[in-house]
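My questions all concern the structure below.
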Amino acid sequence: MAQCREAAEAALSHHHQRLHGETLGALAVGDVALYTDTYRSLLLDVIKVPAPDGFGLPREQWVEQARARFAEMERALARHADELAAVIVEPLIQCAGGMRMYPPEYLTWLREACDRHGVQLIFDEIAVGFGRTGTLFACEQAGVRPDYLCLSKALTGGYLPLSVVMTTDEIYAAFYDDYETLKAFLHSHSYTGNPLACAAALATLDIFEQDDVIAANRHKAALMGRLAEPLRDHPHVGDVRQTGMVLAIEMVKDKSSLTPYDFRERRGLRVFRHAISRGVMLRPLGNVIYWMPPYVISDEELALVAEVTREGLEIATADA
Ligand SMILES: *Cc1c(COP(=O)(O)O)cnc(C)c1O
């Protein structure tokens, strides 16, 4: 199994592994060869450790896998704590990295280790924040808080671009002083605090408060799980994994060894093309087909998504 996982990971390296954005700092802490290679000489020197990843494993084994991976994080922290500014992770799901998922325990251990080593912790919840994983923020499932929380995307319901970086009172206070000390944190963009975007965000937050969005999502997530269950038996589906309202179906060439399809075959594109002809948007990440529907999706629409996914899988894997 270890070899299969290695092969799968090597295949995935042709795609995004982890993404935190494309400005220079964000590029440096990400791992997207396609984007980073061009800018290599401009990027910060960062330390990367292998991410926890339940791919191909039954959920009962996710924690064990995460524990093994955490040992590498712990080693990196022990060795480099004095030169580290912070650790950055995407809680529970590496989204652009192929919808790879891991259990909340990893975040609990990470918080403890960062505290022990005096290293700050950044959670990038740009993709997973605002109810996507079953709680308002993914880190709630681990019962921990980061020193910095990055939010965007669903903050405005996707209607306008807006992002925020939240931090602790302690860090805020470090920059709060009399004007003459020049301690203020000055780093902004022309459209910082754009009123229209903020109005969209406030309207979105009102909806979270008024409609019980998180509870409705739990119902929809359960339905997604039931609809995807039959896909597990497909001869070219190597993994079906779910965290809240993200469900990923990974196509493989060989199911028993989890050998991936060569990324150049673009199997995902075949699924995409079929789905779009049926009015369903299934944007693939290489061999990974995923459902990350808007929260307003109806049960009937989810059933259609499942039906179209099955058809797309048949078409995409018919010749292998
Ligand atoms: C989309 C995304 C980003 C990048 O956001 P930009 O607005 O493009 O900078 C960063 N992190 C994660 C986890 C994302 O999904």
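Quick one: 3J(HN,Hα) in Hz for the stretch 184-191, Karplus 6.51/-1.76/1.60 with θ = phi - 60°, rounded, Gly and Pro as x.
Per residue, the Karplus-derived 3J(HN,Hα) values read 4, 7, 10, 7, 8, 10, 3, 9 Hz.
Return the sequence-ordered ³J(HN,Hα) values of the stretch 33-47 in whole Hz as given by the Karplus equation 6.51 cos²θ - 1.76 cosθ + 1.60 applied to θ = phi - 60°, using x for Gly and Pro.
Computed from phi, the couplings for the stretch 33-47 are 3, 3, 9, 6, 3, 4, 10, 2, 5, 9, 8, 4, 7, 10, 9 Hz.
Accessible area of residue 277, 1.4 Å probe, to the nearest 10 Å²?
Per-residue accessible area (residue 277): approximately 90 Å².
For the chain, compute Rh as the Kirkwood radius over C-alpha pairs and then the Stokes-Einstein diffusion coefficient at 10 °C and 1.306 mPa s; write the answer in µm²/s, rounded to an integer.
For the chosen part, D equals 75 µm²/s.
For the chain, give the share of DSSP beta bridges that are antiparallel, in percent and rounded to the nearest 5; count only bridges with both residues there.
In the chain, DSSP labels about 70 percent of beta bridges as antiparallel.
A further question on this structure: Placing unit charges on C-beta atoms (Lys and Arg positive, Asp and Glu negative, everything else neutral), compute the dipole magnitude of the stretch 10-151 about its Cα centre in debye, rounded to 20.
180 debye
Roughly how much of residue 36 is accessible, in Å² to the nearest 10, using a 1.4 Å probe?
My reading of the accessible area for residue 36 is about 10 Å².
If you plug each phi of the stretch 268-283 into the Karplus form 6.51 cos²θ - 1.76 cosθ + 1.60 with θ = phi - 60°, what whole-Hz ³J(HN,Hα) values come out, in order, with x for Gly and Pro?
x, 5, 5, 5, 4, 5, 5, 4, 5, 5, 9, x, 10, 9, 10, 6
Run the numbers on the stretch 10-151 and let me know its relative contact order in percent, using alpha-carbon pairs under 8 Å that are six or more apart.
21 percent
Still on this structure, I have one more. What residues qualify as long-range amide H neighbours of residue 282, i.e. H under 5 Å apart, gap of 5 or more or another chain, H built at 1.01 Å from N?
Those qualifying (amide H under 5 Å, at least 5 residues apart or on another chain) are 276.
Using a probe radius of 1.4 Å on heavy atoms only, what accessible surface per residue do you get for the chain? Whole Å² is fine.
It amounts to 53 Å² per residue over the chain.
Find the eigenvalues of the gyration tensor of the Cα atoms of the stretch 10-151, then list the square roots of 5 times those eigenvalues as equivalent ellipsoid semi-axes, largest first, in whole angstrom.
21, 19, 16
At 1.4 Å probe size, with the rest of the protein present, what percent of the exposed accessible area of the chain is carbon and sulfur atoms?
On the way: 9620 of 17070 Å².
Carbon with sulfur: 56 percent of the solvent-accessible area.
While we're on this one: May I ask you to list the aspartates and glutamates whose Cα is less than 16 Å away from that of residue 183, ignoring any residue fewer than eight positions away on the same chain?
Residue 183 reaches 169, 170.
GNM on the chain, C-alpha springs below 10 Å: top fluctuator among 260, 294, 104?
Residue with maximal mean-square fluctuation among 260, 294, 104: 294.
Let me ask another. Would you calculate a helix-derived [θ] at 222 nm for the chain, using -39,500 (n - 2.57) for each DSSP H run of n ≥ 4 and dividing by the full residue count, to the nearest 500?
-12500 deg cm²/dmol
Among 176, 295, 35, determine the one that fluctuates most according to a GNM of the chain built with springs between C-alpha atoms less than 10 Å apart.
In the Gaussian network model the winner is 176.
The values are calculated or read from the model by the stated rules, or taken from the named source; none is laboratory data. Given the structure is predicted, the values throughout are model-derived calculations rather than measurements. Here Cβ is always computed from backbone atoms with ideal geometry, including for glycine, and neighbour counts include all displayed protein chains. For accessibility, only protein heavy atoms count, side chains too; no ligands or nucleic acids. Shrake-Rupley method; radii C 1.70, N 1.55, O 1.52, S 1.80 Å.
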